[in-house]
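A short write-up of the structure that comes next.
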Amino acid sequence: MTEAPTPSFDVVFVDGAFVEADDARLSIKANAVSYGTGTFEGIRATWNEAHRELYLLEPLAHYERMSRSANALGLTLPLAPEELVAQTIELLRRNDARQDVYVRPILLLSGEVLPVRMHDIETSFSIAASPFPSGYINTEGIRAFVSTWRRTPDSTLPVRAKIIGSYVGPALAKSEAINAGLDEAILLTVDGSVAEATTSNVFIRRGDRWATPAATDDILEGITRRQAMALIAERGEPVEERTVDRSELYVCDEAFLCGTAVQISPLVEVDRRPVGPGVAGQATLGLIDAFGSAARGESEAHPGWVVPVWGPQ
Ligand code: PMP
């Protein structure tokens, strides 16, 4: 059974103009269609019913990462990150967005150029937005296994950049997990230490210490990962960025995955072994709470993380 297309809002931003999504076209002969040559982002916006407000979560940080991703590919974004935040707000207003939203900026090689290369090919920059797909957050806790697929090492492509073509490995790993009756896959580095899940970073808790794979362990340097580290530090708990062994997933007391899509989600099973007691841990639940209120614009500690789309009416 094939899944229906993910619904998206009617208006998209393409190469400087707001157009109807149905009128936006990319050639099947575009370089990026064959080779995945481009970079993208995923930005969360959370609707707060009590505030009647839609809050973007650190959109500037996402566009700054995108700018660095583009630079790693030898490309440049058409606008400065601050201007892209402004266009994103305009896009959400034009779509009358008043629900949780996933914003999808993409810079890709749109030119119909056959050779495999990055330079001297026309680019296209677009932003689309979708109502946040349901089923992404697993509040019961995620059951994962360690994939047979390894995380692409930085020696094969820039892992700090969010590159379109780099998602084929995670896609294979995710399908492998679903076909095994699980929710998610954890990818190891080529050397066999923990890297990350398919689209999220991994944290473990042993005793009262947290650890997450180091930025040099072939991870995407997640923005939610940074936010989670800040929330942990505020609780006065130590968090180390270091190499995490596979077997630590089996002996830790708590674990969670974090990313724009999954937010902070408890990891309750790895390789058919319960993580800790096999249910979401108390410390993880505390972080989920704190993260949720920050994303909804209700946190006194992190008002700067959110940007309101509608502002005072
Ligand atoms: N790793 C990968 C491979 C990802 O695609 C994502 C999602 N962007 C993450 C980690 C988490 O990053 P973020 O918290 O910035 O969404």
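The values are calculated or read from the model by the stated rules, or taken from the named source; none is laboratory data. Fair warning: this is a prediction, and the values are worked out from it, not measured in the lab. Neighbour counts run over all protein chains shown; Cβ positions are idealised from the backbone, glycine included. Note: accessible area is taken over every heavy atom of the protein model, side chains too, but ligands, DNA and RNA are not part of it. Shrake-Rupley method; radii C 1.70, N 1.55, O 1.52, S 1.80 Å.
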Item to check | Hey, THR139 in contact with a helix residue (DSSP H, G or I) (Cβ under 9 Å, 6 or more places away or on another chain), at pLDDT below 95 and either open to solvent by 30 Å² or more (accessible area, probe 1.4 Å) or over 30 Å from ASN95 (Cβ atoms) (or both) or not | outcome: yes
Item to check | Meets criteria (part of a loop (DSSP other than H, G, I, E, B) and either in contact with a Pro (Cβ under 8 Å, 6 or more places away or on another chain) or under 17 Å from ARG296 (Cα atoms) (or both)) for THR6 | outcome: yes
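Residue-by-condition table, conditions (1) among the hydroxyl-bearing types (Ser, Thr, Tyr); (2) surrounded by 22 or more Cβ atoms within 10 Å (Cβ to Cβ):
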position	(1), (2)
ILE186	no, yes
ASN201	no, yes
TRP210	no, yes
THR216	yes, no
ILE219	no, yes
THR224	yes, yes
Item to check | Any strands (runs of 3 or more DSSP E) falling wholly within the stretch 9-118 and containing at least 2 residues that are free of Cβ contacts under 8 Å to residues at least 24 places away in the same chain and farther than 21 Å from SER299 by Cβ | outcome: 17-20
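Quick grid of which residues meet (1) under 18 Å from the mean Cα position of the chain (by Cα); (2) hydrophobic (A, V, I, L, M, F, W, C); (3) under 19 Å from ALA21 (Cα atoms):
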residue: ALA45; (1), (2), (3): yes, yes, no
residue: LEU77; (1), (2), (3): no, yes, no
residue: VAL85; (1), (2), (3): yes, yes, no
residue: LEU114; (1), (2), (3): no, yes, no
residue: THR123; (1), (2), (3): no, no, yes
residue: ILE127; (1), (2), (3): yes, yes, yes
Checklist entry - Quick check, is ALA177 more than 13 Å from the ligand (Cβ to nearest atom), in contact (Cβ under 8 Å) with a residue 24 or more places away in the chain and assigned to a helix (DSSP H, G or I)? => result yes
Checklist entry - Among the residues of the stretch 235-256, is there at least one that is out of contact with any strand residue (DSSP E or B) (no Cβ under 9 Å at 6 or more places or on another chain) and among the basic types (Lys, Arg)? => result yes
Next on the checklist: Here are the criteria: (1) closer than 21 Å to GLN263 by Cα; (2) crowded, with 22+ Cβ neighbours inside 10 Å; (3) out of contact with any helix residue (DSSP H, G or I) (no Cβ under 6 Å at 6 or more places or on another chain). Tell me which single one PHE125 does not satisfy.
Outcome noted: (1)
Next on the checklist: On the basis of being touching a Lys or Arg at 6+ places or on another chain (Cβ under 7 Å) and among the small types (Gly, Ala, Ser), does SER8 make the cut?
Outcome noted: no
Item to check | Subset of the stretch 47-74 (residues that are over 29 Å from ASP154 (Cβ atoms), touching a Phe, Trp or Tyr at 6+ places or on another chain (Cβ under 9 Å) and surrounded by 21 or more Cβ atoms within 10 Å (Cβ to Cβ)) | outcome: LEU54, TYR55
Item to check | Selection from the stretch 52-72 of residues that are more than 12 Å from the ligand (Cβ to nearest atom) and among the acidic types (Asp, Glu) | outcome: GLU53
Checklist entry - How many of the residues in the stretch 250-260 are under 14 Å from the mean Cα position of the chain (by Cα) and open to solvent by less than 10 Å² (accessible area, probe 1.4 Å)? => result 3
Checklist outcome for this item: All-but-one check, TYR167 against (1) away from the ligand (no atom under 13 Å from the Cβ); (2) hydroxyl-bearing (Ser, Thr, Tyr); (3) outside any loop (DSSP other than H, G, I, E, B), failing number (1)
Checklist entry - Given GLY304, GLY292, GLY281, which one is small (Gly, Ala, Ser), surrounded by 12 or more Cβ atoms within 10 Å (Cβ to Cβ) and within 21 Å of the chain's Cα centre (by Cα)? => result GLY292
Checklist entry - Restricting the search to the stretch 180-198, which residues are more than 12 Å from ARG150 (Cβ to Cβ) and within 11 Å of the ligand (Cβ to nearest atom)? => result ALA197, THR198
